[in-house]
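The block underneath contains the structure these notes are about, expressed in structure tokens.
The values are calculated or read from the model by the stated rules, or taken from the named source; none is laboratory data. Because the structure is a prediction, the values reported are computed rather than measured. Ideal geometry is used to build each Cβ from the backbone, glycine not excepted, and the neighbour counts take in all protein chains shown.
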Amino acid sequence: MILKPKVPILALNQTNKNEANIYQFSLAKQQDANALAKVMIKDKIKKLLVYREESSKKETEQFLMALIAELPIKVEVLDQYPQKMKSKEGLLLLGHNNWLMQAVNFPKKNIYVQALTVDESALPVGVKYCDIPALYENAEKQKLKSYQDQETSSAYKRLIAFGHDSWKIAEFIMDKSKSHRIDFEGMTGHIVIEANQITRTPECYEQLKNVLRRF
């Protein structure tokens, strides 16, 4: 940014600063947090309880801070798993999947997790989260499968999808015939490119009995 480049640059990370000719793209935790905050607001949550896995607190800290910044409601971080919840309270569980599945007395509704928690294992019924669609949508899953020679982890699949969208964004930037505003359904979410800015909106899902629902 200090160099103020005269040619377009696609930076595969993000900062709080903007500079002409520099396009910033990443799988920022803030984007997942923003999307999940909108789900909680739509669910009319009045208070959010947060319980975290001790060993993954550093991994989830940035997501939690971004979520708190977006929520116009009270957030309480707990030292232990809540025994019961009141009406209009939500529960955010931050940790890995094996830790999540050890919890007991899951609420019937208003339970949320970070994409970090989701892997190939099952999730409790009622859990909601926001993540890249390439892991869940059939058309995108087939496209993702064509990029890999063998089964890989969810984290690596996200990286493959990120590379796919980065390449597509680069092609859009280089195509001078395109309009000043471009939007498309990418493997990592809905992507909009406008005035040198790139925004990515992930999809949100709810685990129902034997099926995953996008909403």
From the list GLU76, GLU61, exactly one residue is out of contact with any helix residue (DSSP H, G or I) (no Cβ under 9 Å at 6 or more places or on another chain), farther than 17 Å from CYS204 by Cα, part of a strand (DSSP E or B) and at pLDDT 95 or above. Which is it?
GLU76
Which ones in the stretch 39-58 are assigned to a helix (DSSP H, G or I) and in contact (Cβ under 8 Å) with a residue 60 or more places away in the chain?
VAL39, MET40, SER56
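To keep it simple, each residue is scored yes or no on (1) within 24 Å of GLY95 (Cα to Cα); (2) not charged (D, E, K, R); (3) not assigned by TED's automatic domain parsing to the domain that holds VAL75.
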site: LEU12; (1), (2), (3): no, yes, yes
site: ASN16; (1), (2), (3): no, yes, yes
site: ASN21; (1), (2), (3): no, yes, yes
site: MET40; (1), (2), (3): yes, yes, no
site: ARG52; (1), (2), (3): yes, no, no
site: SER56; (1), (2), (3): yes, yes, no
Take the residues in the stretch 79-124 that are farther than 13 Å from TYR51 by Cβ and surrounded by 15 or more Cβ atoms within 10 Å (Cβ to Cβ); name whichever of them is modelled with the lowest pLDDT.
ASP119
Can you name the condition, by its number, that GLU137 falls short on among (1) touching a Lys or Arg at 6+ places or on another chain (Cβ under 9 Å); (2) modelled with pLDDT of 90 or more; (3) not basic (Lys, Arg)?
(2)
